[in-house]
Amino acid sequence: MRLPEAGTIEIAPSILSADFARLADEIGVVESAGVKIVHLDVMDGHFVPNITIGPPVIAKLRKYSNLVFDSHLMISEPGKYAGRFAEAGANHITFHIETASEPEKLIDELHQLGCTAGICLNPETPVEAIEKVAPLCDMVLVMTVHPGFGAQEFMPEAAKKIAQVREIVGPDVRIEVDGGIDPQTAPIVVGYGADTLVAGNAIFAKPDRIAAINAIREACK
Ligand code: DX5
Ligand code: ZN
């Protein structure tokens with residue numbers, strides 16, 4: 001399972017708003033809608049004020065899904081745990097620039113572990129903070145909410161950074177957006193140059209997940 005080459009719009013459902021007691025089934029439903037990526041939000045109660053899942057859950061889910069496991073590490077010491085996530089079956093690993101003292105080294109390590117690498121920046125973090133490392137990544141993740149919770153309101157000012165990131169990385173690096181993405185906001189971020197759209201609440205809070213995914217796809221056309 002490999003992150004698709006840049007150049008296509010991909011929806012990456014975030015399981016944060018899914019039924020955690022039925023995760024494998026929930027992932028199965030979005031897989032049947034034809035998505036290629038599922039976004040797994042990992043929170044440590046330290047970098048963000050919430051706690052979710054870790055490598056043991058990811059390892060169990062791996063047996064039930066062929067989707068690209070896009071692991072968004074909202075944790076204080078990503079370098080310490082990267083190997084554990086790779087071993088559990090994460091295909092793409094994103095860490096926050098706010099948490100990494102040697103981001104270049106960690107990107108290198110992720111590649112050596114056989115994963116694609118992502119760097120993420122919080123809404124208040126300027127693009128300059130990732131200027132050097134963004135071109136080394138396979139995907140850059142721009143947060144359009146404060147990380148920690150689903151179903152928050154989209155921050156239009158933070159989304160504007162996407163255009164700046166696109167200028168730095170060119171066409172070959174994916175740009176993912178996370179937070180408040182729905183059929184209304186998706187075309188805005190695609191207009192700025194994003195190609196990978198994380199959506200939690202807009203998919204898993206709806207009774208028909210497949211229709212919800214299709215609504216976002218349609219809105220981007
Ligand atoms: C927030 C997470 C997101 C979250 C997005 O900290 O990183 O992935 O699930 O949720 P929505 O789409 O509901 O804003
Ligand atoms: Zn996320």
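A few remarks follow.
- By average C-beta atoms within 10 angstrom, highest first, the peptides 174-180, 200-206: 174-180, 200-206
- Segment Glu218-Lys160, extension gain: residue separation times 0.36 nm, minus the distance between their alpha carbons: 18.7 nm
- Stokes-Einstein diffusion coefficient of the range 80-221, Kirkwood radius over Cα pairs, 25 °C, 0.890 mPa s, in µm²/s: 157 µm²/s
- Per-atom-type breakdown for the chain gives carbon and sulfur 52% of the accessible area (1.4 Å probe, protein chains only).
- Accessible surface, per residue, of the chain when the full set of protein chains is kept, probe 1.4 Å, Å²: 43 Å²
- Value of [θ]222 nm, deg cm²/dmol, for the chain, DSSP H segments ≥ 4, -39500 (n - 2.57) each, nearest 500: -9500 deg cm²/dmol
- Cα centroid of the range 86-108 to Cα centroid of the range 131-180, whole Å: 16 Å
The values are calculated or read from the model by the stated rules, or taken from the named source; none is laboratory data. All values reported here derive from a predicted model rather than from experimental measurement. Methodologically, a virtual Cβ is constructed for each residue, glycine included, from the backbone with ideal geometry; neighbour enumeration extends over all protein chains shown. We work out accessible area using only protein heavy atoms, side chains counted, and drop any ligands, DNA or RNA first. Shrake-Rupley method; radii C 1.70, N 1.55, O 1.52, S 1.80 Å.
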